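Worksheet: one structure, shown below.
The values are calculated or read from the model by the stated rules, or taken from the named source; none is laboratory data. Note that the structure is a prediction, hence the values are computed from the model and not measured. Reconstructed Cβ throughout: ideal geometry from the backbone, glycine too, with neighbour counts over all protein chains shown.
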Amino acid sequence: MNEVRGARCEVFSMTVGPLECNCYLVVDRSAEKALLVDPGADAQRGFEWCAIHPARVSMILNTHGHGDHIGANGPLKERLKAPIGIHREDAPGLTDPVGNLSAYFDPVTSPPADFFLEPGTLPGWEGPPIEILETPGHSPGSVSFYCTEGWVISGDVLFKMGIGRTDIPGADLQILQRSLRDRLLRLPDETVVYPGHGPATTIGQEKKNNPFLHLG
């Protein structure tokens, strides 16, 4: 995985669930606090993984409300005593298996949101500033988390050599393309991209190589 060297925050990843969702632990080494992003579907592994690190998880954040990203929200919230944040457009899916697209496979629910993710700096986080970017298209309330230290957690918006699906309820290709053009692709080329599935990449690599990005 690509790393941002010399950074105050360390980003750890773990792949969980049958759809191989990337769960991220963002650790502020100075304050010994952490963010848990997209807990996925394996609560026990998630808790054991968090317990390895000395930092206290202060928030559970969801890039969007699909079942493969929110499945462990409830057990981890209970064990870690951490509030759940998601964009208000995707919040209804937390408690609705139809809305989070898990109803016809392995139905998933989550506790409701404790707070909504709004554009701007993530509130209550004392580490290096993390900006909440609205990046809808894969879902109406998809967000990405951009840290000034040089990385972005993109959820299911941008992948290495791919982009998020738009053939599912609530998705829209034109809106996704706008999110990519106006939000993610304007980040510095050296920005490390931590996607919702698959390996890490950089903005520059995707501008150059991603066949789904039509920049011309």
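Observations, loosely collected:
- Annotation note: Cβ proximity below 7 Å between a residue of the range 152-181 that is under 21 Å from GLY198 (Cα atoms) and a residue that is basic (Lys, Arg) (sequence gap 6+ or interchain) occurs for ALA171/ARG165.
- Scan the range 20-42 for residues that are surrounded by fewer than 18 Cβ atoms within 10 Å (Cβ to Cβ) and under 19 Å from SER154 (Cα atoms) and the total you get is 1.
- Checklist (1) modelled with pLDDT under 95; (2) farther than 20 Å from TRP151 by Cα applied to LEU94, failing item: (1)
- Applying the condition of being farther than 21 Å from PRO123 by Cβ and in a loop (DSSP other than H, G, I, E, B) to the range 44-81 and asking which residue is nearest to the chain's Cα centre (by Cα) yields HIS66.
- Scan of the range 82-97 for residues that are outside any loop (DSSP other than H, G, I, E, B) and surrounded by fewer than 20 Cβ atoms within 10 Å (Cβ to Cβ), ordered by number: PRO92, THR95
- All positions within the range 115-158 that are among the aliphatic types (A, V, I, L, M) and touching a helix residue (DSSP H, G or I) at 6+ places or on another chain (Cβ under 8 Å): LEU133, VAL152, VAL157, LEU158
- Residue check, ASN100 of a type in the set (S, T, N, Q), under 17 Å from SER142 (Cβ atoms) and not in a loop (DSSP other than H, G, I, E, B): no
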